[in-house]
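Colleague: Sharing a structure, written as structure tokens. Questions coming.
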Amino acid sequence: MELTSLPLHRCLQLTFFVLLSITLLLPITTTIFQFLTTHLLITTLTTLSATILLIIRHKTQPYPVFLLNYSCFKPPNDRKCTYDLANNFVLQSSRFSSAEPVTFMQNIYLKSGLGNDTYAPPFMFEENQTPTMKNAIQEAEEGVFAAVDSLLAKTLVLPEDIDVVIVTCGSFSPSPSISSLIVNHYKLRSDVKTYNLSGMGCSSGVLSIDLAYRILRGSGRKIKNALVVVTESITLNWYDGEERSMLVTNCIFRVGCAAAIITNDPNRKSSSKMELTHSLRTHHGADDSAYHAAFQEEDNKGITGVSLTKDLIRVAGVNLRQHIKILAPRVLPLNQLVGYVYSVVMNALSGGQMKPIVPDFTAAFDHICVHTGGKAVIEQVGRVMKLADSVTEPARMCLNRFGNTSSSLVFYELAYFEAKQRVKKGDKMWMLAFGTGFKVGSLVWKWVNSPEPEVDNPWNDSIHQYPLKTW
């Protein structure tokens, strides 16, 4: 777990809330009074000590970090993966020895929430239709070069101005790496710092921004611009076996890539989109069920695939609750935080019989980018967080239009908010993503400028069709 430092006003609020909660509970019963009296001094001293330390940290606040801009790859229209195309691909390729896995995938697809405008990898449109390393490289290059070209053009950032390159690609890690591919293609400086992340699942888009954030905050002004490329290559991850938990990935994952410039250059604030104000990462891999919830392995015939277990949705819900316990005190407004802290204390005193309330995070954020991992995942987040359909709408529409693009999904969802012209200067936005392992990541942004329409927004040709009335 990693946490950013709390601002001064939040430190003081937390101290006030803890002391207020203790004071409110004192007169409840004699037993509670005796319990609190015993621990009151320790609790108070600990809280005050922590507050002093946080105030000291606040005085050495690092440089602010901004999202200068981002671009999402939109493949050509002849790469669209309609239901008929996907169905014909499976039927004509003779990949399966029986009709059972085909029927299973057909049913999953029809219930998935994906529409007919998602995009498939290049090999599915070739005569041979056999995925190769060459196809995988082609898929990676198409997405990465298109997204980065568009990003550099609209930010006016020159390749020689890039100090750091961070690439995340969960299940495709060629040699040389994709970060080296970028260095070679754009002829970056020899002293550029490169990072290549893999195996981190759909959360790695959020986690890679967090990594850039930490590098820029701790580097002074020597490092100003980080290029973050968030992609996935699904070509070599097509599963030809018959294990149902592994067949699901064939149905929901689609082509996508995003690139972003993260900067600490104060001169670029006026042209930036957002400032990153909070970042939180929690890793729940110590729990075996969480660790195995989404797992790459061989089936009983030796065919490699990624198993999405039936326990995945439960794991997502449980670990989201753990995640927001840490996030809540950092972002909730006063009225929400008082009620939440009170319910947590009562839960502890009642031995778990009184469950903590679920805070209203819509009181803290104007917009929420909910993880677009799948229909069941979106619905689970909505249930756990008690979110209205209007809040999960962007995630649901993003799943319909682009499918699960893995680590880049939060950027396609961000583009939806912009295309709908729902965001403005001063708005606060929460990005939430889950990943294998099991990881939960949060980014909290504040819009420093109202966005202008952009020609490369991937929703430009279809936003008028959304939101859908049925899903």
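Colleague: Under the rule that an exposed site lies in a DSSP loop and has at most 13 other Cβ atoms within 10 Å, name the longest stretch of the chain with no trypsin sites (Lys or Arg not before Pro) of that kind, not counting the sites themselves.
Modeller: Longest run free of exposed loop sites: 1-186.
Colleague: Oh, and also: State the answer as a single residue: which of Leu110, Val206, Gln322 lies farthest towards the positive end of the charge dipole of the chain, with beta carbon charges of +1 for Lys and Arg and -1 for Asp and Glu, about the Cα centre.
Modeller: Working it through, the farthest residue towards the positive pole turns out to be Gln322.
Colleague: Something else: Before anything else, pin down the relative contact order of segment 278-318: Cα pairs under 8 Å, at least 6 apart, normalised by residue count, whole percent.
Modeller: 32 percent
Colleague: Another question, then. When the Cα centres of segment 133-167 and segment 393-442 are compared, how far apart do they sit, in Å?
Modeller: 21 Å
Colleague: Using only the Cα atoms, work out Rg/Rh for segment 65-448, with Rh taken as the Kirkwood radius, to two decimals.
Modeller: Result for segment 65-448 is an Rg/Rh of 0.97.
Colleague: First measure r as the distance between the Cβ atoms of Gln296 and Asn87, then evaluate 1/(1 + (r/R0)^6) with R0 = 41 Å and state the FRET efficiency to the nearest 0.05.
Modeller: 0.95
Colleague: Sum up the charges of everything whose Cβ sits under 12 Å from the Cβ of Pro266, counting Lys and Arg as +1 and Asp and Glu as -1, but leave Pro266 out.
Modeller: Summing Lys and Arg as +1 and Asp and Glu as -1 gives +2.
Colleague: Which value, in debye to the nearest 20, describes the size of the charge dipole of the chain about its Cα centre when Lys and Arg Cβ atoms bear +1, Asp and Glu Cβ atoms bear -1, and nothing else is charged?
Modeller: Computed about the Cα centre, the dipole is about 1740 debye.
Colleague: For every helix of n ≥ 4 consecutive DSSP H residues, a contribution of -39,500 (n - 2.57) applies; sum these over the chain, divide by its total residues, and give [θ] at 222 nm rounded to the nearest 500 deg cm²/dmol.
Modeller: Mean residue ellipticity, 222 nm, calculated: -14000 deg cm²/dmol.
Colleague: Can you give me the relative contact order of the chain as a percent, contacts being Cα pairs under 8 Å and 6 or more apart?
Modeller: So the answer I get is 21 percent.
Colleague: Right, here's the next one. Report relative contact order for segment 158-235 in percent, whole number only (criteria: Cα-Cα under 8 Å, sequence separation at least 6).
Modeller: 49 percent
Colleague: Can I ask one more? Relative to the longest principal Cα axis of the chain, at what angle does helix 389-402 sit, 0 to 90 degrees, rounded to 10?
Modeller: Its long axis makes an angle of about 20 degrees.
Colleague: Consider all pairwise Cα distances in segment 222-320 and report the whole-number % of them above 23 Å.
Modeller: That fraction is 51 percent.
Colleague: Report, for segment 65-448, the % of DSSP beta bridges that are antiparallel, rounded to 5.
Modeller: Antiparallel bridges make up about 70 percent of those DSSP assigns within segment 65-448.
Colleague: Oh, and also: Between the helical axis of 83-93 and the dominant principal axis of the chain, each derived from Cα atoms, what acute angle in degrees is found, rounded to the nearest 10?
Modeller: Helix 83-93 sits roughly 60 degrees off the main axis of the chain.
Colleague: So for segment 291-406, what percent of the C-alpha to C-alpha distances run longer than 17 Å?
Modeller: 65 percent
Colleague: Also: Out of the total accessible area of the chain (probe 1.4 Å, heavy atoms of protein only), what percent is carbon and sulfur?
Modeller: Summing carbon and sulfur atoms, their accessible area is 56 percent of the total for the chain.
The values are calculated or read from the model by the stated rules, or taken from the named source; none is laboratory data. Keep in mind it's a predicted model, so treat the numbers as computed, not measured. Reconstructed Cβ throughout: ideal geometry from the backbone, glycine too, with neighbour counts over all protein chains shown. Ligands, DNA and RNA are excluded from the accessible area calculation, which covers all protein heavy atoms including side chains. Shrake-Rupley method; radii C 1.70, N 1.55, O 1.52, S 1.80 Å.
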